[in-house]
Amino acid sequence: MTQIIQARAALVRDHGAPLRIEPVDIDAPRATEVRIRMVGCGICHTDIVFQQGQGLAVPCLLGHEGSGVVDAVGAEVSCLVPGDHVVRSFLSCGTCPSCAKQKPASCYHFAPLNYGGSRSSDGSSPVHQDGSRIAASFFNQSSFATYAIADQRNAVKVPKDIPLELLGPLGCGIQTGAGAAMNSLGLQAGETLAIFGGGAVGLSALLGAIAVDAGPVIIVEPNEARGQLSLELGAAHVINPIVTADVLGEIRRLGGGGVNHGLDTTGIPEVIAVAGEAILFNGMLGLLGVPPMEASLPLNMMSMMARGIGVKAIVEGDSDPQRFIPHMIDLYRAGRFPFDRLIVRFPFEQINEAIDASKSGAVIKPVLIF
Ligand SMILES: [Zn+2]
Ligand SMILES: [Zn+2]
C-alpha cells in the first residue's frame with residue numbers, strides 16, 4: 001500500500017517574490033497516476049509568468065519540465081513501472097476531437113488540465129502542507145519539488161542510457177521550439193527560415209531546423225553571446241537588431257529576397273510586423289512568443305494576400321509528447337540534436353538564482369538538479 005510521503009517543494013508564497021523551499025506532503029498516486037522522484041527540472045518562461053501573478057492563487061507549486069524516476073504507480077497504470085525513467089510533459093484529455101486525431105497540443109481541455117492548479121477530475125490537489133491545500137498539478141506535474149504526481153498520459157518513458165537530469169526541458173521549451181520547426185512548419189530540407197529571438201525556444205527551433213537539413217537559417221537576436229552560440233549550433237547568419245537598424249532589408253539581402261518561413265519567439269508586435277514582411281511566397285509565419293494581452297496582429301492584409309502567407313499560433317510545437325520526445329532523444333543520440341548546449345545546471349536550492357539567470361538572459365535554459 002503506497003502512502004503519502006514528505007517532500008521539499010519550492011513554493012510561491014507571494015506573487016513576484018522569491019520562491020521558498022518548504023516541506024510538503026505528496027499524495028499516493030491515484031488509479032491512473034504515477035509518483036515520480038524528481039531528478040531534474042528545467043525553468044520555462046511560463047513558470048515565471050505564473051510566479052509573477054498570472055493564473056494561480058498562492059501558495060502554489062510550479063515547475064513543468066520535470067524528469068525523474070517512477071517511484072510508485074496507481075492500480076490502473078499500464079505502461080510504467082517503478083524504476084522507469086520518465087520526462088513529464090503537458091497533459092491532454094485523450095478523447096476530444098484533437099486528441100482523437102493524435103494532436104494533443106490542441107486538446108480542447110488544455111487550459112483546465114494544465115493551468116487549473118488542481119486535478120481537473122475533482123478539483124483536489126495532490127500537494128498539502130499541515131493539512132492545508134497547495135495549488136499544484138501545474139501542467140499536471142508541479143515539478144519544483146523532490147517528488148511529484150503525474151498522470152500516465154503525461155509521463156513519457158525514456159531510455160536509461162541518456163543523462164536523465166537533462167531531459168526535462170524536452171517536455172516543454174525544447175519540444176515547443178523544435179516542434180514548431182519540424183511539426184508546425186513541417187520544414188523541408190533546403191527551406192530557409194528566420195527565427196526572431198535566440199532564447200530557449202528560438203534556439204530549439206534552430207536545432208529542429210538543422211536536424212531536418214533546412215536552411216540557411218537566420219537568427220535575429222540582440223544578445224551577442226546568444227548570437228555566437230546560434231552560429232555554433234548551425235545558424236548561417238545572425239542579425240543584431242541593435243547594430244542593424246533595417247532588419248527586414250538585411251533578411252532580404254541575405255536570403256535573396258526573403259525566407260521561406262518565419263518563427264517569432266518574442267511576442268513583440270513590432271518584431272512580428274518585420275517577420276511577416278520577410279517571408280517569401282506561400283510561406284508560414286509561426287507565432288511562439290507570449291504577446292501582450294491586448295495585442296492584435298500588426299500585419300498588412302493586402303501584403304500577406306499578395307504572397308499567400310499563412311499565420312499559425314503554435315502551442316507546444318504541435319507535438320505529441322509520447323512520440324516526439326523519444327524522437328528528439330534519438331536525434332540527440334545520433335549527434336544531430338545537441339540540446340544540452342542550451343543547458344546550465346543549478347542545485348535545486350538555488351532555484352531563485354536559476355530564475356534570475358533565465359530572466360536576465362545570462363542562461364538560456366537553467367535546469368535544477370535534485
Ligand atoms: Zn483532448
Ligand atoms: Zn513551458
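Out of the residues in region 27-51 meeting the condition of being of a type outside the set (A, V, I, L, M, F, W, C), more than 20 Å from ASN352 (Cβ to Cβ) and open to solvent by less than 40 Å² (accessible area, probe 1.4 Å), tell me which one is nearest to ligand 1 (Cβ to nearest atom). If you could, list the steps in order and put the result at the bottom.
Here is the first cut: in region 27-51, the residues of a type outside the set (A, V, I, L, M, F, W, C) are 27, 29-30, 32-33, 35, 37, 40, 42, 45-47, 51.
Narrowing the set further to residues that are more than 20 Å from ASN352 (Cβ to Cβ) leaves 27, 29-30, 32-33, 35, 37.
Retained after the next criterion (residues that are open to solvent by less than 40 Å² (accessible area, probe 1.4 Å)): 27, 29, 33, 35.
Working: ASP27: 24, PRO29: 22, GLU33: 18, ARG35: 24 Å.
The extreme case among them is GLU33.
For the condition of a type in the set (Gly, Ala, Ser), touching a residue at least 12 places away in the same chain (Cβ under 8 Å) and over 24 Å from ALA178 (Cα atoms), what is the one hit in ALA295, ALA306, ALA273, ALA278? Please lay out each step first, then the result.
On the way: ALA306 fails: touching a residue at least 12 places away in the same chain (Cβ under 8 Å); ALA273 fails: over 24 Å from ALA178 (Cα atoms); ALA278 fails: over 24 Å from ALA178 (Cα atoms).
Just a single option satisfies the conditions, and that option is ALA295.
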Q: Within region 1-26, track down each residue that is open to solvent by 30 Å² or more (accessible area, probe 1.4 Å) and touching a Ser or Thr at 6+ places or on another chain (Cβ under 6 Å).
A: ARG8
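Residues of region 252-277 being farther than 17 Å from GLY202 by Cα and touching a Gly at 6+ places or on another chain (Cβ under 9 Å), which ones?
Looking only at region 252-277, we keep the residues that are farther than 17 Å from GLY202 by Cα, and these are 252-258, 270, 273, 277.
Once the filter is applied, which keeps residues that are farther than 17 Å from GLY202 by Cα and touching a Gly at 6+ places or on another chain (Cβ under 9 Å), region 252-277 yields ARG252, GLY258, GLU277.
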**Q.** Residue check, GLY42 on the phi > 0 side of the Ramachandran plot and either without any contact (Cβ under 8 Å) to a residue 60 or more places away in the chain or under 19 Å from the mean Cα position of the chain (by Cα) (or both)
**A.** no
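Pull up region 99-109, narrow it to residues that are free of Cβ contacts under 8 Å to residues at least 60 places away in the same chain and part of a loop (DSSP other than H, G, I, E, B), then point me to the one that is farthest from ligand 2 (Cβ to nearest atom).
Quick first cut of region 99-109, residues free of Cβ contacts under 8 Å to residues at least 60 places away in the same chain only: 99-101, 107-109.
Among the residues that remain, those that are also part of a loop (DSSP other than H, G, I, E, B) are: 101, 107-109.
On the way: LYS101: 23, CYS107: 15, TYR108: 20, HIS109: 18 Å.
If we take residues in region 99-109 being free of Cβ contacts under 8 Å to residues at least 60 places away in the same chain and part of a loop (DSSP other than H, G, I, E, B), then LYS101 is farthest from ligand 2 (Cβ to nearest atom).
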Q) Considering region 95-114 alone, what residues qualify as being within 6 Å of ligand 1 (Cβ to nearest atom), within 25 Å of SER67 (Cβ to Cβ) and open to solvent by 20 Å² or more (accessible area, probe 1.4 Å)? A) HIS109
Q.
Checking LEU62 against (1) away from ligand 1 (no atom under 16 Å from the Cβ); (2) surrounded by fewer than 23 Cβ atoms within 10 Å (Cβ to Cβ): exactly one of these is not met. Which one?
A. (2)
Q | Subset tally (residues that are open to solvent by 50 Å² or more (accessible area, probe 1.4 Å), assigned to a helix (DSSP H, G or I) and within 20 Å of LEU342 (Cβ to Cβ)) for region 212-266 | A | 5
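Yes or no: ILE162 open to solvent by 10 Å² or more (accessible area, probe 1.4 Å), in a loop (DSSP other than H, G, I, E, B), away from ligand 2 (no atom under 16 Å from the Cβ) and hydrophobic (A, V, I, L, M, F, W, C)?
yes
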Q) Are any of the residues in region 348-357 touching a helix residue (DSSP H, G or I) at 6+ places or on another chain (Cβ under 9 Å), open to solvent by 20 Å² or more (accessible area, probe 1.4 Å) and in contact (Cβ under 8 Å) with a residue 24 or more places away in the chain? A) no
Q | Condition check for GLN54: open to solvent by 20 Å² or more (accessible area, probe 1.4 Å), polar (S, T, N, Q) and modelled with pLDDT of 95 or more | A | no
Q: Scan region 334-354 residue by residue and report those that are over 20 Å from ALA148 (Cα atoms), in a helix (DSSP H, G or I) and out of contact with any strand residue (DSSP E or B) (no Cβ under 7 Å at 6 or more places or on another chain).
A: PHE339, ASP340, ARG341
Q) Quick one: would you say PHE196 is open to solvent by less than 40 Å² (accessible area, probe 1.4 Å) and more than 16 Å from ligand 1 (Cβ to nearest atom)? A) yes
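Residue by residue, here is whether (1) open to solvent by less than 10 Å² (accessible area, probe 1.4 Å); (2) at pLDDT below 95; (3) closer than 28 Å to ASP213 by Cα holds:
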site	(1), (2), (3)
VAL127	yes, no, no
ARG133	no, no, no
GLY168	yes, no, yes
LEU185	no, no, yes
(Q) The conditions are (1) more than 25 Å from GLY55 (Cβ to Cβ); (2) open to solvent by less than 70 Å² (accessible area, probe 1.4 Å); (3) touching a helix residue (DSSP H, G or I) at 6+ places or on another chain (Cβ under 7 Å), and PHE281 fails exactly one of them. Which is it? (A) (2)
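Is it the case that region 72-81 has a residue that's within 16 Å of ligand 1 (Cβ to nearest atom) and buried (at least 16 other Cβ atoms within 10 Å of the Cβ)? Break it down stepwise before answering.
Restricting attention to region 72-81, the residues satisfying the condition of being within 16 Å of ligand 1 (Cβ to nearest atom) are none.
So far as region 72-81 goes, no, none of its residues is within 16 Å of ligand 1 (Cβ to nearest atom) and buried (at least 16 other Cβ atoms within 10 Å of the Cβ).
If you check SER121, SER89, SER142, which single one turns out to be within 16 Å of ligand 1 (Cβ to nearest atom) and closer than 22 Å to LYS365 by Cα?
Details: SER121 fails: closer than 22 Å to LYS365 by Cα; SER142 fails: within 16 Å of ligand 1 (Cβ to nearest atom).
Of SER121, SER89, SER142, the one residue that is within 16 Å of ligand 1 (Cβ to nearest atom) and closer than 22 Å to LYS365 by Cα is SER89.
The values are calculated or read from the model by the stated rules, or taken from the named source; none is laboratory data. Small disclaimer: the values here were computed from a predicted structure and weren't measured. Here Cβ is always computed from backbone atoms with ideal geometry, including for glycine, and neighbour counts include all displayed protein chains. These accessible areas exclude ligands, DNA and RNA; they are computed on the full protein's heavy atoms, side chains included. Shrake-Rupley method; radii C 1.70, N 1.55, O 1.52, S 1.80 Å.
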